[in-house]
Amino acid sequence: MMRRNQWLAAPLGAATAAALLSGCGSTDGSPAEGGKGVVMGISDKVKSTDPAAGYDPGSWLLFNNVFQSLLSFPKGATTPEPDAAQSCAFEGGDSKVYKCTLKPDLKFSNGHPLTSEDVKFSFERTLKINDPNGPAVLLSSIAGIDTPDDKTVVFRLKTSDATFPSKIASGAGSIVDHAEYPADKLRTDGKAIGSGVYKLDSFNEKSANFSVNEAYTGKAKPKNTGVTLKFFNQDQAALKKVLESGDVDFAFRGLAAKDIASLASTKTGNNSIEVVQGTGAEVQHLVFNMKDEVAGKLPVRKAIAFLVDREALVKDVYEGTATSLYSVVPAGIGSHNTAFFDRYGGSPQPKKAEAVLRAAGIKDKVKITLYTTPNRFGPATDQEMALIAKQLNDSGLFEADVKSVEYEQYEKDIAAGKYGVYIRGWVPDYPDADNFTQPFFGPNNVLNNNYDNKEISQTIIPATSAKADRSAATPDYTRLQDIVADEIPLLPLWQSKQYAVTRQNVTGLQWSLDASTVFRFWEISKG
């Protein structure tokens, strides 16, 4: 139930983080005195201004600032709270009926009232259009929507879905004006009408301009007068250049590790450049085809788990811009554990790897090919896989090589089961363990690795989906992570750190770098 194109590019392309720096600027929620407009450089495209079509980091950045959802994630939090809604809650004990009551006097930026009719229209529209590049798949559990009055919305779900609040707090839950959007087709004029903190004034392939929405009545208090986005379409050198020149106030996503290190030491008079760092929730895994004649053997996978040195990958390939990952649920997300560390350690253990292979009667070197595609995951992925192959070969137990493949062919070959070992990454839609487990395990999983553990797919996942109290699902998620570490259908490698690089007079970026994946324009101020 995830976005079609959410395989991440590289750690520095991350969209989520839990910031490590303390807050700056106004701390009481009031607008910063003398607030100014800010200019932001970003490597992503905004692929759509219509919430029924956009399902990419750039588009969701726009949606989270222009549109309201019934719920939203407060800064620094991973549990959604009411936004356009005054209250929301499951009715009954099976997490299949979800009722929300809207706040009074909600308005869109064009002055039209926002009522339950707009909420129902927005969700039904996304599902009806079902754009292949849109978020309809994230709302697929909706069976029907009732609106008994202007302030009440009742969602009836096909199955228990305790993560439904998080899903509708994401960009997929954006509420549009039913009088402004066609019910059965996408809006293509590049405009956007919402009830969020900002309104979109202009949009083209080079830039987008946002101003404060005076009709907004929510909790957010803008600390600037507006935001300009400048798009650099993966051109890292150009993004670095405009940051150094001062043509943008800060850069988010897309800078190379070496550029971040260089910029961190840049001084321009009294206006030096600073790096804001956080821990992201995007992850990368080494995936094993369970039907492959080599990778399909558990002793081979265990030997690889004993030999891969994550710390070396993070240090030598990603220059410290990621952190080692030891389970399928990353650190910072509820129910995370360290199942792989507990079983296979945090450093290479060649003797244990050899013992596993010999006990299985494997005496010769294991010949294996690692597949990668730099088109999707960035050029560093080739270096990463080359280092993993070297780690395996240095043990004397493997004869590993690497093949780099163009992305379209890569996807076709994985679907056809041609690869035994290949790389995958994951960008979360919402900060819940479900987002890192449900898509990966069971029939027709997005990894296409022929793994289906019945306890996970038929017992654990349905059980976690029914628990509205997410902490109550932790024992189930712990069991799931332990099973995965025992059977190794994939090997977690790293999770991203997150960086924004800014001029010294820009503050508040730390509040836009948390595990919720929400970039909050309103928290940013410029001195």
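The values are calculated or read from the model by the stated rules, or taken from the named source; none is laboratory data. Owing to the predicted nature of the structure, the values given are computational and were not obtained by experimental measurement. Positions of Cβ are backbone-derived with ideal geometry, glycine not excepted, and every protein chain shown enters the neighbour counts. Side chains are part of the model used for accessible areas, which takes the heavy atoms of the whole protein and leaves out ligands, DNA and RNA. Shrake-Rupley method; radii C 1.70, N 1.55, O 1.52, S 1.80 Å.
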_Conditions first: (1) at pLDDT 85 or above; (2) in contact with a helix residue (DSSP H, G or I) (Cβ under 6 Å, 6 or more places away or on another chain); (3) on the phi > 0 side of the Ramachandran plot. Ser324 passes all but one, so which condition is the exception?_
(3)
*Examine region 178-191 for a residue that is under 25 Å from Ser516 (Cα atoms) and either open to solvent by 10 Å² or more (accessible area, probe 1.4 Å) or part of a helix (DSSP H, G or I) (or both), and state whether such a residue exists.*
no
*In region 349-380, the residues that are within 24 Å of Gln284 (Cβ to Cβ), out of contact with any Lys or Arg (no Cβ under 9 Å at 6 or more places or on another chain) and surrounded by 15 or more Cβ atoms within 10 Å (Cβ to Cβ)*: Gln349, Pro350, Ile368, Thr373, Pro374, Asn375, Arg376, Gly378, Ala380
_When you scan region 330-343, do you find a residue that is in contact (Cβ under 8 Å) with a residue 12 or more places away in the chain, of a type in the set (Val, Ile, Thr) and not in a loop (DSSP other than H, G, I, E, B), even just one?_
no
*Residue check: is Ser116 open to solvent by less than 70 Å² (accessible area, probe 1.4 Å) and either in contact with an Asp or Glu (Cβ under 7 Å, 6 or more places away or on another chain) or modelled with pLDDT under 95 (or both)?*
yes
*Which residue, of Gln438, Gln510, is within 27 Å of Trp60 (Cα to Cα) and assigned to a helix (DSSP H, G or I)?*
Gln510
*Answer yes or no: is there a residue in region 189-203 that is within 16 Å of Leu70 (Cβ to Cβ) and of a type in the set (D, E, K, R).*
no
*Which is modelled with pLDDT of 50 or more, of a type in the set (Gly, Ala, Ser), touching a Ser or Thr at 6+ places or on another chain (Cβ under 6 Å) and crowded, with 21+ Cβ neighbours inside 10 Å, of Ala84, Ala52, Ala15?*
Ala52
*Any residue at all in region 487-499 that is under 27 Å from Ser324 (Cβ atoms), among the hydroxyl-bearing types (Ser, Thr, Tyr), open to solvent by less than 20 Å² (accessible area, probe 1.4 Å) and part of a loop (DSSP other than H, G, I, E, B)?*
no
